[in-house]
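Notes for the one structure printed next.
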Amino acid sequence: MSLVVQKFGGSSVADAERITAAARRAIRARQAGNQVIVVVSARGDTTDELIELAREITEQPPAREMDMLLSTGEQISIALMAMAIQSLGQPAISFTGAQIGIVTDSFHTKARIKNISTQRIRHALDEGKVVIVAGFQGVDENYNITTLGRGGSDTTAVALAAVMKHEHASGVRSQESGVRSQESNTSELTPDSCALPPGQEVGCELYTDVDGVYTTDPRLVPEARKIDFISYDEVLELASVGANVLHSRSIEFAKKFDVPLQKRSSFSDAEGTWIVPEADWMRDIVVCGAALLKDEARVMIDGVPDQPGISHRIFSAIAEQNIVVDMIAQNVGSGGKAAIGFTVLRNELPATLAVLRPLAIEMGARVQHDEDVSKVSVVGTGMRTHSGVAEKMFAALASENINMKMITTGDIKISVLVDKADGVRALRVVHQAFNLHLPRPGAGLAAAPAAQQLFKRRATPLVEESAPKDPLARLASMEDIVVSDVLLEMGHGRITIAELADKPGNCSRIFQAIAAGGIVVDVIVQNLPQVGRAELSFSVPRGDLDRAMALTQDVVRTIDPHARVSADANIAKVFVLGVGMRTHTGVARRMFGELAARGINIGMINTSEVCVSVVVDRARGEEALECLKKAFSV
Ligand code: ADP
Ligand code: ASP
Ligand code: MG
């Protein structure tokens, strides 16, 4: 029998009427012949209210007690949902995270799932009950209640779907295979379809107050357009750069364990957004969405010794506190000193500074910070193969006189840090510049090819690419890092512009000149090591380095004759690829640590959810590759 996990967010269980509507939906899925697990969030704004309640008692509530408090929101919802389903005549039973054995690590308020035992769920499902599970919570090995971070119910839902699916696939439920409903074998994706594409046994539906994933937050940009199909990587990247429409770790699970996922409205039967493996047609969509992360903080450490191991020391000290470093812009360094700029979530600034200040004193460096910054990002699979995206984004921001405080690029994203006051305006102008409001394939225009792609991929074995050979074994450490590959790239050179006047439009003019020369820019990093002076580095194909240098010198001469331009042909780039690379603070830490241990200096750093890359000296490229392959066992 097929199994559907339905997750209802806070707005979908806000009052009795909505709870009853959600209960009816679950019963419909059950009556259609599926086994049904319902995951619920706390009602409406309950979690915010609980946080406020704690603040009324103390400014810094202990994390363990915070989890004890926050988990109550979901506990109320499961009980009410069970009552609603039962009163409509369908047997149902509710469980807290602890009761069904969602075991996490002990990082209170941002715990990661280690494993889930399915026995109790299985038993209840086999009795014909709808199983209702509290989202967002688990229990550590010492029976302390933990929570998974804001928005974490999505992750509970997808993790449950993953574990049930792979239990099924590996034969634990073999007596049932083949019993799946005829419908799910043959149906097309119609507007009314449920979460199971043809051939799938387990699916997950995330019900919310919007009818899917939009090109950006429709609350901020009303002309945002609904996306019909989006790849795991794109939505993972969008979620991690600020689109809080989905908890980014839920996508990690969906991708790692190949869970068919649909984000849809609890207020209608309209088809939502399908989150699917990457399809060929997506490579032509250069930008599929944009996002704003409103509350970031920028930290600058300058005057650090430009030596191997320094990045490692700094970032591992931060990672030890489980603080996720977002953008990292490390400068090329001169006179034996380098400056490192990075961002963290605004609410993690105090903890970050507490770690950093003693370290800076030790290293003779200075720490500065900026609390009122926001990050605007664009994401798209097509960025891998199409040029000019950065240039277009920078030109759009320049046209609105918005200054860029930091720039970092990833495999399929570009992020720019701006003043908080400019944030929403920046998002709107970027959304407009890429015409994201207009229909396109996969978002408003015939998605037929997408549906075919989806079916084709779904017909292949359950776990592919970076996913493990033995999925059940992997479920023993569900949220562990998955590094799929380490690659070396020697084909690029780097241009650096130091002490460039920090004015809106400067970067844009430089990239316009480079693009006009037909040169494809690869990685871009911009940082503000000193007040009023930016440092910009970017890499271009080595064959184009001289031309890029000449073009850059020409344009820099006209915009700021004091800036210094240099070129470096002796660079190599090492990539570590996988899933959840940024949110797992351990990846960059291990990577920097391995390089430091061998005395390899890191020149530029780029992080995204699917890739962390560093620039090193060309002569050390092969060695860096080998040591990282060994470290990540690939
Ligand atoms: P739930 O409680 O159901 O999990 P959330 O409030 O967490 O719901 O997420 C839904 C909200 O996410 C929407 O109301 C919308 O304002 C916001 N959002 C942000 N970015 C996007 C986006 N790209 N597409 C759709 N919604 C978005
Ligand atoms: N109730 C939690 C929150 O508000 C978890 C969730 O809604 O996903 O963050
Ligand atoms: Mg949510």
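What are the residues in the stretch 592-634 that are of a type in the set (A, V, I, L, M), in contact with a strand residue (DSSP E or B) (Cβ under 6 Å, 6 or more places away or on another chain) and either under 19 Å from Val482 (Cβ atoms) or part of a helix (DSSP H, G or I) (or both), if any? So that I can check it myself, show each step before the final result.
So the first thing to find is which residues in the stretch 592-634 are of a type in the set (A, V, I, L, M), and the list is 595-597, 600, 602, 604-605, 610, 612, 614-616, 619, 624-625, 628, 631, 634.
Applying the additional criterion that residues be in contact with a strand residue (DSSP E or B) (Cβ under 6 Å, 6 or more places away or on another chain) yields 600, 602, 604-605, 612, 614-616, 624-625, 628, 634.
Listed by number, the residues that qualify are Val612, Ala624, Leu625, Leu628, Val634.
Run down Ala79, Ala54, Ala92 and say which single residue is of a type in the set (A, V, I, L, M, F, W, C), open to solvent by 30 Å² or more (accessible area, probe 1.4 Å) and over 28 Å from Glu252 (Cβ atoms).
Details: Ala54 fails: open to solvent by 30 Å² or more (accessible area, probe 1.4 Å); Ala92 fails: open to solvent by 30 Å² or more (accessible area, probe 1.4 Å).
Every option except Ala79 fails the conditions.
Those residues that are basic (Lys, Arg) and over 24 Å from Thr47 (Cβ atoms), I need them from the stretch 104-148; list them, please.
Quick first cut of the stretch 104-148, residues basic (Lys, Arg) only: 110, 112, 114, 120, 122, 129.
Hits for the stretch 104-148 are Arg120, Arg122, Lys129.
Being of a type in the set (Gly, Ala, Ser) and either farther than 29 Å from Leu595 by Cβ or outside the structural domain of Gly603 (by TED's automatic domain parsing) (or both) narrows it down to one of Gly309, Gly388, so name that one. Break it down stepwise before answering.
Values: Gly309 fails: either farther than 29 Å from Leu595 by Cβ or outside the structural domain of Gly603 (by TED's automatic domain parsing) (or both).
Exactly one of Gly309, Gly388 is of a type in the set (Gly, Ala, Ser) and either farther than 29 Å from Leu595 by Cβ or outside the structural domain of Gly603 (by TED's automatic domain parsing) (or both), namely Gly388.
How many residues are assigned to a loop (DSSP other than H, G, I, E, B) and among the small types (Gly, Ala, Ser) when one looks only at the stretch 44-70? Quick ask: steps written out before the conclusion?
Pass one, the stretch 44-70, residues assigned to a loop (DSSP other than H, G, I, E, B): 44-45, 58-62.
So of that shortlist, the ones also among the small types (Gly, Ala, Ser) come out as 44.
Adding up the residues that qualify gives 1.
Does the stretch 570-581 contain at least one residue that is at pLDDT 90 or above, assigned to a helix (DSSP H, G or I) and open to solvent by 50 Å² or more (accessible area, probe 1.4 Å)?
Taking every residue of the stretch 570-581 in turn, none turns out to be at pLDDT 90 or above, assigned to a helix (DSSP H, G or I) and open to solvent by 50 Å² or more (accessible area, probe 1.4 Å).
Does Thr216 meet the test of being within 30 Å of Ile328 (Cα to Cα), within 16 Å of ligand 1 (Cβ to nearest atom) and not acidic (Asp, Glu)?
Working: within 30 Å of Ile328 (Cα to Cα): yes; within 16 Å of ligand 1 (Cβ to nearest atom): yes; not acidic (Asp, Glu): yes.
Yes: the conditions hold for Thr216.
State all residues of the stretch 507-525 that are open to solvent by 10 Å² or more (accessible area, probe 1.4 Å) and assigned to a helix (DSSP H, G or I); if no residue qualifies, say none.
Hits for the stretch 507-525 are Arg509, Gln512, Ala513, Ala515, Ala516.
In the stretch 1-29, which residues are open to solvent by 50 Å² or more (accessible area, probe 1.4 Å) and over 25 Å from Gly152 (Cβ atoms)?
Met1, Glu17, Arg24, Arg28
Being away from ligand 3 (no atom under 16 Å from the Cβ) and either outside the structural domain of Pro91 (by TED's automatic domain parsing) or among the polar types (S, T, N, Q) (or both) is the filter here; which residues of the stretch 8-30 pass it?
Thr20 - this is the single residue of the stretch 8-30 that is away from ligand 3 (no atom under 16 Å from the Cβ) and either outside the structural domain of Pro91 (by TED's automatic domain parsing) or among the polar types (S, T, N, Q) (or both).
Read through the list (1) within 28 Å of the chain's Cα centre (by Cα); (2) more than 11 Å from ligand 1 (Cβ to nearest atom); (3) closer than 11 Å to Ala84 by Cβ; (4) aliphatic (A, V, I, L, M), then give the number of the only condition that Val40 fails.
(2)
Of all residues in the stretch 556-569, how many are under 36 Å from the mean Cα position of the chain (by Cα) and open to solvent by less than 80 Å² (accessible area, probe 1.4 Å)? Walk me through it before giving the result.
Within the stretch 556-569, the subset under 36 Å from the mean Cα position of the chain (by Cα) is 556, 563-569.
From what's left, open to solvent by less than 80 Å² (accessible area, probe 1.4 Å): 556, 563, 565-569.
Selection size over the stretch 556-569: 7.
Looking only at the stretch 492-544, which residues are at pLDDT below 85 and touching a helix residue (DSSP H, G or I) at 6+ places or on another chain (Cβ under 7 Å)?
none
Any chance you could count how many residues in the stretch 527-552 are in a helix (DSSP H, G or I) and under 28 Å from Val418 (Cβ atoms)? Spell out the reasoning first.
Narrowing the stretch 527-552 to residues in a helix (DSSP H, G or I): 542-552.
Adding the requirement that they be under 28 Å from Val418 (Cβ atoms) leaves 548, 551-552.
Counting residues in the stretch 527-552 that are in a helix (DSSP H, G or I) and under 28 Å from Val418 (Cβ atoms) gives 3.
Select from the stretch 132-171 the residues that are out of contact with any Ser or Thr (no Cβ under 7 Å at 6 or more places or on another chain) and without any contact (Cβ under 8 Å) to a residue 40 or more places away in the chain and write down the one among them that is least open to solvent (accessible area, probe 1.4 Å).
Only one residue fits best here, namely Gly171.
Can you give me the ranges of the helices (runs of 4 or more DSSP H) entirely in the stretch 103-194 with at least 2 residues that are at pLDDT 95 or above and away from ligand 2 (no atom under 16 Å from the Cβ)? Explain how you work it out, then say what you get.
On the way: elements: 119-126, 153-169, 182-186.
Those helices (runs of 4 or more DSSP H) span 119-126.
The values are calculated or read from the model by the stated rules, or taken from the named source; none is laboratory data. Treat the numbers as computed from the prediction; the structure is a model and nothing was measured. Note that we place each Cβ from the backbone using ideal geometry, even for glycine, and neighbour counts take in every protein chain shown. Just so you know, the surface numbers come from the protein's heavy atoms only, side chains and all, with ligands and any DNA or RNA stripped out. Shrake-Rupley method; radii C 1.70, N 1.55, O 1.52, S 1.80 Å.
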